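> Attaching a single structure in structure tokens format; questions to follow.
The values are calculated or read from the model by the stated rules, or taken from the named source; none is laboratory data. None of these values were measured; they are calculated from a predicted model. Note: ideal-geometry Cβ built from the backbone for every residue, glycine included; neighbour counts use all protein chains shown. Heavy atoms of the whole protein, side chains included, go into the accessibility calculation; ligands, DNA and RNA do not. Shrake-Rupley method; radii C 1.70, N 1.55, O 1.52, S 1.80 Å.
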Amino acid sequence: MNNIDWMFAITAIGILLTMSLALTRAICGPTVFDRVLALNTFGTKTVLFICVVDFMTTRDDFLDLALLYSLMNFIGMVALLRFTHDESLADQEPA
Amino acid sequence: MSLLIDFSILAFLVVTAVTIARLRDLWAAIMFTGIYSFLSASWMLVLDAPDVAFTEAAVGAGISTVLMLGTLKLTGNRIPRLKRIRVLPLVLVLTTGLILGYGTLDMPHFADPQAPIHLHPSPSFVERSLHDMHGLPNIVTSILASYRGYDTLGETTVVLTAGIAVMLILRRDKTPSSDLVGKDSTFGASTK
């Protein structure tokens, strides 16, 4: 392995460690906010992880998937937070 | 390095699945199903199947999270804690799992170049496609549209049926209903 490979390997291990920490916090997390924050972090780390794997295997077409992941992460988080805040997914009825 | 990535993703999947099964708060369980979909999509990506990963990320993490949240709105947020462990379902699940695991022993090893799928049909497709399709150069198209034509026809029929069902469910009925009455009353209230 040359330097670049080592760099990608260490980055991947670091991201995997962060993912496991976030997952632990999401499982233990006493409050809802802990869980939301931990799972959002986990989603972001998944995107980064895909990018690193992408460069490690020298395939460029995975980056589109990373973009899709971040979009999905955002949509899911917005839906979850709306549900937590309003107890409803629909728009408020006009009074 | 590749082995490490494989095993870490699989370990994350197991941890997430056990957490989902143990959680009594359904709202948190839905968040974990989203994470599970992301992880399984990453796993498919590592297995070099980006198209399946695309579908899993869009459907599993995107749509079904929102759909399950909508269901949660209509039903309750919590399920009662189980009083005791039921033996028969546990035995059934364990037996099924063991049988499935036993079934994988017959399969060729992962990425085995001598696996039947790499030896038997694929080379003959490559050799005969050009002649069978009267000179069409695209082998993927010829497999999808001709060799597997009935399969593709069935898939498109399924998609068509699903589309018709969605349109039937979402269709507004034209009969005078509570919808129109509600509109009239709000209109009257706003002009007052």
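> List the pairs whose first member sits in the stretch B:81-102 and is closer than 14 Å to B:R22 by Cα, whose second member is surrounded by 10 or more Cβ atoms within 10 Å (Cβ to Cβ), and whose Cβ atoms are under 7 Å apart, counting only residues at least 6 apart or on separate chains?
Close Cβ pairs satisfying both conditions: B:R81/B:R24.
> What's the total number of residues in the stretch B:49-69 that are in a helix (DSSP H, G or I) and more than 7 Å from chain A (Cβ to nearest Cβ)? Talk me through it step by step, then tell me what you get.
Going residue by residue through the stretch B:49-69, those that are in a helix (DSSP H, G or I) are B:50-69.
The next check asks that each one be more than 7 Å from chain A (Cβ to nearest Cβ); those that pass are B:51-52, B:55-56, B:59-60, B:63-64, B:67-68.
Residues in the stretch B:49-69 being in a helix (DSSP H, G or I) and more than 7 Å from chain A (Cβ to nearest Cβ): 10 in total.
> Here's something else I'd like to know. Working only within the stretch A:59-75, note down all residues that are at pLDDT 80 or above, within 9 Å of chain B (Cβ to nearest Cβ) and over 15 Å from B:T55 (Cα atoms).
A:I75
> Being under 18 Å from B:L23 (Cα atoms) and either facing another protein chain (nearest Cβ under 9 Å) or open to solvent by less than 90 Å² (accessible area, probe 1.4 Å) (or both) is the filter here; which residues of the stretch A:1-27 pass it?
Just the residues of the stretch A:1-27 that are under 18 Å from B:L23 (Cα atoms), to begin with: A:22-27.
Residues satisfying the conditions are A:A22, A:L23, A:T24, A:A26, A:I27.
> Another question, then. Which residue, of B:L72, B:L45, B:L13, B:L4, is part of a helix (DSSP H, G or I), open to solvent by 60 Å² or more (accessible area, probe 1.4 Å) and of a type outside the set (V, I, T)?
Working: B:L72 fails: open to solvent by 60 Å² or more (accessible area, probe 1.4 Å); B:L45 fails: open to solvent by 60 Å² or more (accessible area, probe 1.4 Å); B:L13 fails: open to solvent by 60 Å² or more (accessible area, probe 1.4 Å).
When all the criteria are applied, what remains is B:L4.
> Something else: Answer with yes or no whether A:F33 is within 9 Å of chain B (Cβ to nearest Cβ) and at pLDDT below 85. Walk me through how you get there before you give the answer.
Working: within 9 Å of chain B (Cβ to nearest Cβ): no; at pLDDT below 85: yes.
Against the criterion (within 9 Å of chain B (Cβ to nearest Cβ) and at pLDDT below 85), A:F33 does not qualify.
> Out of B:T104, B:T95, B:T152, which single residue is under 29 Å from the mean Cα position of the chain (by Cα), polar (S, T, N, Q) and either surrounded by fewer than 10 Cβ atoms within 10 Å (Cβ to Cβ) or in the same structural domain as B:D48 (by the TED database) (or both)?
Values: B:T95 fails: either surrounded by fewer than 10 Cβ atoms within 10 Å (Cβ to Cβ) or in the same structural domain as B:D48 (by the TED database) (or both); B:T152 fails: either surrounded by fewer than 10 Cβ atoms within 10 Å (Cβ to Cβ) or in the same structural domain as B:D48 (by the TED database) (or both).
Answer to the selection: B:T104.
> Out of (1) loosely packed, with under 13 Cβ neighbours inside 10 Å; (2) acidic (D, E); (3) part of a helix (DSSP H, G or I), what's the single condition that is false for A:D60?
For A:D60, the exception is condition (3).
> Based on what the data block shows, is B:M31 open to solvent by less than 80 Å² (accessible area, probe 1.4 Å), more than 9 Å from every other protein chain (Cβ to nearest Cβ) and outside any loop (DSSP other than H, G, I, E, B)? Please lay out each step first, then the result.
Working: open to solvent by less than 80 Å² (accessible area, probe 1.4 Å): yes; more than 9 Å from every other protein chain (Cβ to nearest Cβ): no; outside any loop (DSSP other than H, G, I, E, B): yes.
Here the answer is no, as B:M31 does not meet what is asked.
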